[in-house]
Amino acid sequence: MKEKQMATLKRKMVNESDLKKVFNYFFDHFGEDTEFIKSCTPIRHELLIQLLPTLVRELLPGRNQIMNLLLLHSAEHHFIHGGFNVDGFLGTLIYAEDIQTGIIALAEFPSTGIVRFLRFNASILPHSPFEPGGTDS
């Protein structure tokens with residue numbers, strides 16, 4: 001289901017300089033596709049939960065109070081998408097687990113027409129053999 005469109009989306013997530021075009025592609029091909037939405041399940045993704053306040057501060061210095069975070073996971077596509085609120089802004093997040101790349105978008109609410117975008121790379125690093133919990137403990 002939608003393999004070609006997902007491959008295109010992930011390529012755009014990495015290479016497209018206009019991040020608005022990436023979100024437009026996501027919403028055009030996935031955001032209104034009820035079959036895709038129904039195939040996704042709610043997820044608590046610790047990496048994204050911990051990283052999101054830092055990403056928000058990059059776009060909105062001094063603000064990092066994330067509320068109403070809802071993340072949905074497409075296991076078939078190794079893809080997470082969702083929404084959240086932060087201090088008068090509506091946030092949207094997309095993250096491709098297999099390429100460890102994501103983008104957040106923050107739009108003022110009520111809308112001023114201005115949307116702020118940020119691309120990020122994130123992965124969980126294995127324990128160092130020299131740290132507690134590593135292989136040399």
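Coordinate-derived values only; no laboratory data. None of these values were measured; they are calculated from a predicted model. Cβ sites come from the backbone with ideal geometry, for glycine too, and all protein chains shown count toward neighbours.
What's the FRET efficiency of residue 33 with residue 57 using the Cβ-Cβ distance as r and R₀ = 22 Å, to the nearest 0.05? Mind dumping the intermediate values first?
On the way: r = 32 Å, r/R0 = 1.47.
In this case the efficiency is close to 0.10.
How large is the helix-only mean residue ellipticity at 222 nm for the chain, computed as the sum of -39500 (n - 2.57) over DSSP H runs with n ≥ 4, divided by its residue count, in deg cm²/dmol to the nearest 500?
Computed ellipticity for the chain at 222 nm equals -9000 deg cm²/dmol.
Answer rounded, prolate or oblate for the chain, using the Cα gyration tensor with square roots of eigenvalues a ≥ b ≥ c: rounded when a/c is under 1.5, else prolate when a/b is larger than b/c, else oblate.
It is oblate, given that a/c is not under 1.5 and a/b is not larger than b/c.
Under 18 Å from the Cα of residue 12, which aspartates and glutamates turn up, not counting those fewer than eight places away in the same chain?
Straight-distance partners of residue 12: 3, 28, 97, 98.
What length, rounded to one decimal in nm, is gained on full extension from residue 50 through to residue 68, with 0.36 nm per residue of separation minus their alpha-carbon distance?
5.0 nm
Label 7 Å along Cα→Cβ of residue 17; segment 90-117 residues with amide nitrogen under 20 Å?
Taking a point 7 Å out along Cα→Cβ of residue 17, the residues of segment 90-117 whose backbone N falls under 20 Å are 102-104, 115-117.
Shape call for segment 8-55 from the C-alpha gyration tensor, a ≥ b ≥ c root eigenvalues: rounded (a/c under 1.5), prolate (a/b greater than b/c) or oblate?
Oblate.
How high is the relative contact order of the chain, in percent, with contacts defined as C-alpha pairs under 8 Å that are six or more residues apart? Show your work: numbers first, answer last.
Values: 191 pairs, mean separation 22.4, N = 137.
Here the relative contact order equals 16 percent.
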